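Contents: one structure, followed by commentary.
Bear in mind that the values in this text are calculations on the coordinates, not laboratory data. For clarity, every value in this text was computed on a predicted model and none was experimentally measured. Glycine gets a Cβ as well: all are built from the backbone with ideal geometry, and neighbour counts include every protein chain shown.
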Amino acid sequence: MTPASRPRTHIAVNGKTRITLVAVSDIIFLKADSKLITLVTRDANYQVSGTLKQFRGELGDTFIRLHRNTLAAKEAIRELSREDDRWYAVFSDTEETRQISRREIPVVRKWLKQGRM
């Protein structure tokens, strides 16, 4: 595997007075909103520029698309929950949930049933 094809291990977040490196392993999910991506971790939220498509390519198979605006760390998903005909991903170590689109639910369910590969 060449260095360019290896998944990212950290994402640089630019702040007003510092640059913070966020470990990809600490990210629970990425949420797109307008032109910004919010990285949600157990301890904090960070905003970066980019697209989910770009991050999906850079993060490899450790993340799964839940919705057109959400990529989630596979290891962070504890279960799927159904409420009012909508499916949600429930994450470990946080109260956050994210809706799974009808388009993505078959992929997420298949991944979960196959033992979270």
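The table that follows gives values for the structure above.
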read-out	value
Residue in the range 90-116 that is farthest from residue 32 (Cα to Cα), counting only those that are touching a residue at least 40 places away in the same chain (Cβ under 8 Å) and assigned to a strand (DSSP E or B)	91
Test: residue in the range 24-31 that is closer than 19 Å to residue 104 by Cα, surrounded by 11 or more Cβ atoms within 10 Å (Cβ to Cβ) and of a type in the set (Ser, Thr, Tyr)	no
Lone qualifier among 81, 101, 92, 49 - being out of contact with any Gly (no Cβ under 7 Å at 6 or more places or on another chain), among the polar types (S, T, N, Q) and surrounded by fewer than 11 Cβ atoms within 10 Å (Cβ to Cβ)	49
The range 47-62, residues that are of a type in the set (Val, Ile, Thr) and either within 14 Å of residue 13 (Cα to Cα) or in a helix (DSSP H, G or I) (or both)	48, 62
Number of the condition not met by residue 50 [criteria: (1) more than 12 Å from the chain's Cα centre (by Cα); (2) at negative phi]	(2)
